[in-house]
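Undergrad: Before I ask anything, let me first share the structure, which is written out below as structure tokens.
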Amino acid sequence: MAGLAAALAPIADGECVLDPTIVSRLVRRPREESPLDELTEREREVLALIAEGHSNDGICKQLFLSPKTVETHVRHILLKLGIGETHEYHRRVLAVLAYLRG
């Protein structure tokens, strides 16, 4: 019982504990190509912050970018993901769904 408690202690402290073999397999597994592959590193950062619920202003503060720069990144993300103008859907939500699926 003490061994189990010791093994669970890091998890209880909020640490993520994964077997290195599993991590290696996940990283090396073949992936299907995705429109996400077309995003730059900065666009991925912006999309991740959108997925966390940040507004453009919040993204500006997090990444120390101007509002115009964030707007440009968001526009490029939507274009690269093939998310056009529509009144039927929220485009940022569609972008986050693509991010989560990727």
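The values are calculated or read from the model by the stated rules, or taken from the named source; none is laboratory data. Just so you know, these numbers come straight off a predicted model, no measurement behind them. Neighbour counts run over all protein chains shown; Cβ positions are idealised from the backbone, glycine included. Calculation scope for accessible area: heavy atoms of the full protein, side chains included, ligands and nucleic acids excluded. Shrake-Rupley method; radii C 1.70, N 1.55, O 1.52, S 1.80 Å.
Undergrad: If I ask for residues that are modelled with pLDDT of 95 or more and farther than 20 Å from residue 35 by Cα, which ones from the range 63-102 would you list?
TA: Scanning the range 63-102 gives 63, 64, 65, 66, 67, 68, 69.
Undergrad: Ok, one more. So, in the range 80-102, of the ones that are hydroxyl-bearing (Ser, Thr, Tyr) and open to solvent by 60 Å² or more (accessible area, probe 1.4 Å), which residue ends up farthest from residue 43 (Cα to Cα)? First the steps, then the outcome.
TA: Within the range 80-102, the subset hydroxyl-bearing (Ser, Thr, Tyr) is 86, 89, 99.
Then keep just the ones that are open to solvent by 60 Å² or more (accessible area, probe 1.4 Å); that gives 89, 99.
Values: 89: 21, 99: 11 Å.
Result: 89.
Undergrad: Can you pull out every residue in the range 45-69 that is closer than 17 Å to residue 99 by Cα, part of a helix (DSSP H, G or I) and among the acidic types (Asp, Glu)?
TA: Listed by number, the list holds a single entry, 45.
Undergrad: Kindly check whether there is at least one residue in the range 58-80 that is charged (D, E, K, R) and in contact with a Leu (Cβ under 8 Å, 6 or more places away or on another chain).
TA: Here is the first cut: in the range 58-80, the residues charged (D, E, K, R) are 61, 68, 71, 75, 80.
With the extra rule that they be in contact with a Leu (Cβ under 8 Å, 6 or more places away or on another chain), the set shrinks to 80.
Yes; the residues of the range 58-80 include at least one that is charged (D, E, K, R) and in contact with a Leu (Cβ under 8 Å, 6 or more places away or on another chain).
Undergrad: Another question about this same structure. Return the residues of the range 25-44 that are surrounded by 13 or more Cβ atoms within 10 Å (Cβ to Cβ), within 13 Å of the chain's Cα centre (by Cα) and assigned to a helix (DSSP H, G or I); say none if nothing qualifies.
TA: 36, 42, 43, 44
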